[in-house]
Amino acid sequence: MKIEQLLLQGSGRFIEDRLVVRSRQRLFGVFDGASSLVPQLYQQRSGAWWAAELAWQTFCQQPDDALLDLARQANQDIAHHMTRFAIDRRNPLHCWSTSAAVFRLLPNHLEWLQCGDCLILAIDRQGQAELLTPYSNHDAETFRQWTAQPDETLPQILQRLRPTIERVRLGMNRDYGVLNGDTAAEAFFCQGRITLDNIQHILAFSDGLLPPLARRDAMPDFSQLARLYLQGGLEGLGQWVRFIEGRDPHCHRYPRFKCHDDVAALAISL
């Protein structure tokens, strides 16, 4: 078994993604934190940093536990720390959150759990890709309204779309799932199990690894992503995504919230 890891900081001040690699327990995963819409730091760290970090700590410290139990505990830990920092957890706009995609390798199977927009992709020995987890783009409504004027800056775009961004955020664990301390998140825990027959590579990654799209409400081409991975590994895939993003620094052609998102990705080759 070969393990490849990629962790890249984006345009933000903190790296708010995390990787879990526990080879002995054959437990692997990624987390992608999101801050509240209230710009505030907690012990000099963002809410997104805390959410991803707390989930990461839970999975790292209790790697033998069942995936479902770990996800529930991570969600509880996020709730506990927000209470500790006197955050109004009743208001979704104030809550930290993180997406998660984790899996465990068993002798002949793989079991996985996902919540949010982190993903797990399997590639078979013929190079064909299969997305194991559901694909969720809860920001599609925002991106449909993105069309920027030539002289409009990214902060101006975000300010114009603030009402839509807030409306989407209010849908956490109502319209889409994230770990944000709300027990309602458990209804959005997606789980699955597949046989490892004919599987050669398993990728888990945050959405920062997805190739940029001019229409962000469109479905990503996961076959293309698999081909790019097979050609250049995670490092080559990450460099290609960063190159495309770098040609659109103001996010006009490819709608997104910042030039470069954080990337957390791992690949297991069997």
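No lab work stands behind these numbers, since they all come straight from the coordinates. Small disclaimer: the values here were computed from a predicted structure and weren't measured. With ideal geometry, Cβ positions are generated from the backbone for all residues, glycine too; neighbour counts draw on all protein chains shown.
Before anything else, pin down the relative contact order of the stretch 20-96: Cα pairs under 8 Å, at least 6 apart, normalised by residue count, whole percent. Walk me through the numbers on the way to the answer.
Working: 87 pairs, mean separation 24.9, N = 77.
32 percent.
Which whole-number percentage describes the relative contact order of the chain, with Cα contacts under 8 Å and a sequence gap of 6 or more? Please report the intermediate quantities before stating the final value.
On the way: 556 pairs, mean separation 72.1, N = 270.
With pairs under 8 Å counted, the relative contact order is 27 percent.
Which of Tyr254, Tyr135 has the fewest other C-beta atoms within 10 Å, and how do the rest follow up to the most?
So the ranking, lowest neighbour count to highest, is Tyr135, Tyr254.
Starting from the amide H of Gln200, placed 1.01 Å from N in the peptide plane, find each other amide H under 5 Å away whose residue is 5 or more places distant or on another chain.
Ile123, Asp124, Arg125
Assuming R0 = 25 Å, can you tell me the calculated FRET efficiency for the pair Asp248 and Glu166, based on Cβ-Cβ distance, to the nearest 0.05? Working shown, then result.
Working: r = 25 Å, r/R0 = 1.01.
After rounding, the FRET efficiency stands at 0.50.
Among Leu93, Leu213, Leu41, which one moves the most in a GNM of the chain with springs linking Cα atoms closer than 10 Å?
Leu41
Which of these values of volume of the Cα convex hull per residue in Å³ was calculated from the structure shown: (i) 169; (ii) 126; (iii) 114?
Computed from the coordinates, volume of the Cα convex hull per residue in Å³ corresponds to (iii).
Any idea how far apart Cys190 and Gln25 come out in nm if each label point goes 7 Å out from Cα toward Cβ?
Taking the two extended label points, one gets 2.4 nm.
What are the ³J(HN,Hα) couplings of the stretch 75-84, residue after residue, when phi is run through the Karplus curve with 6.51, -1.76, 1.60 and θ = phi - 60°? Round to Hz, x for glycine and proline.
5, 5, 5, 5, 4, 4, 6, 5, 4, 4
Would any residue of the stretch 208-252 have its amide N under 19 Å from a label point 7 Å out along Cα→Cβ of Arg125? List them or say none.
Taking a point 7 Å out along Cα→Cβ of Arg125, the residues of the stretch 208-252 whose backbone N falls under 19 Å are 230.
What ranking, highest mean first, results for peptides 222-229, 194-201 when packing means the other Cβ atoms within 10 Å averaged over each residue? It would help to have the intermediate numbers written out before the result.
On the way: 222-229: 18.6, 194-201: 14.2.
Packing proxy ranking, top to bottom: 222-229, 194-201.
If one computes the Cα centroid of the stretch 1-39 and of the stretch 45-74, what distance in Å separates the two points?
So the two Cα centres are separated by 11 Å.
Work out the FRET efficiency for Arg13 and Gln61 from their Cβ-Cβ distance, taking R0 = 30 Å, and round it to the nearest 0.05.
According to the calculation, E is roughly 0.70.
With r as the distance between the Cβ atoms of Leu230 and Thr183 and R0 = 35 Å, compute the FRET efficiency 1/(1 + (r/R0)^6) and round to 0.05.
On the way: r = 40 Å, r/R0 = 1.15.
With R0 = 35 Å, the Cβ-Cβ based efficiency is 0.30.
Note down the magnitude of the dipole of the stretch 91-227 about its Cα centre, charges +1 on Lys and Arg C-beta and -1 on Asp and Glu C-beta and zero elsewhere, to the nearest 20 debye. Mind showing how you got there, number by number?
Values: 12 positive and 16 negative charges, 15 e Å.
The calculation lands at about 80 debye.
Are there any trypsin sites (Lys or Arg not before Pro) in the stretch 47-151 that are in a DSSP loop and have at most 14 other Cβ atoms within 10 Å? List them by number. Mind dumping the intermediate values first?
On the way: sites: Arg72, Arg84, Arg89, Arg90, Arg104, Arg125, Arg144; in loops: Arg89, Arg90, Arg125.
Sparse-neighbourhood loop trypsin sites (Lys or Arg not before Pro): Arg90, Arg125.
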